[in-house]
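Accompanying notes for the structure given below.
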Amino acid sequence: MKKLSFFFLAACFLSLGLSKCKRLPVFDMPTDDPTSQLPPETQTGANTFGCLVDGKPYNVFGFFPSPPAISISYQFNDLTIKGNQGNQAGIALLGASIDTIGIYKILREEKRPGSTALYRIGSKFYDSISGELHIKKIDHGNRIISGTFHFVGVDSPGDTARITHGRFDVKFN
């Protein structure tokens, strides 16, 4: 009887060991952290743009005219970066006198010159009321500009949108 029990247990363990069930490695486990779904913060000209909009990931890869698309203009120290998801949504960062790395305040549109930002979802527009644009790299030789941003936008009824953990790493013409 003991031999039968031993063989039965051995057969059970052997069949479990040979089963097709797989354990997910720790790095493949899903995460509840939405920032992990954003592109990494780089300074290589990776052509990435991402942020959290009210805690939800917003990512754009690739260049205009294919949505989702990034468009950039950097001339005479004026910077415009747009991350568009077609007609669905868009974020625009507009910076005046961006001539060196550093932190630039994002202000209301009517307080220009300075930096401002805009978030659009469908036909609703949120103008920036406060925030920061942090330029971390400007490389004129390789035509790379990268940095981070965050701002709070408000629409005409007074609803707010919080744009946080923003990052971009783009090549300009």
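Brief remarks follow.
- Multiplying the residue separation of THR160 and SER36 by 0.36 nm and subtracting their alpha-carbon distance yields 42.2 nm.
- Residues with amide H under 5 Å from that of TYR104, placed H, sequence gap 5 or more: LEU133, HIS134, ILE135
- Seen through its C-alpha gyration tensor, with square-root eigenvalues sorted a ≥ b ≥ c, region 95-158 comes out prolate because a/c lies at 1.5 or above while a/b is bigger than b/c.
- If the segment from ASP54 to ALA92 were pulled out straight at 0.36 nm per residue, it would be longer than the present Cα-Cα gap by 12.1 nm.
- The slack in the chain from HIS134 to LYS105, taken as 0.36 nm per residue of separation less the alpha-carbon distance, amounts to 9.6 nm.
- In Hz, Karplus ³J(HN,Hα) per residue of region 51-57 (6.51, -1.76, 1.60; θ = phi - 60°; x = Gly, Pro): 6, 9, 10, 6, x, 10, x
- Modelled this way, with points 7 Å down the Cα-to-C-beta line, the labels at LYS124 and PHE61 are 2.8 nm from one another.
Just so you know, all these numbers are worked out from the coordinates, no wet-lab data involved. Please read all numbers here as calculations on a predicted model, not as lab measurements. Cβ atoms come from the backbone with ideal geometry, glycine included; neighbour counts cover every protein chain shown.
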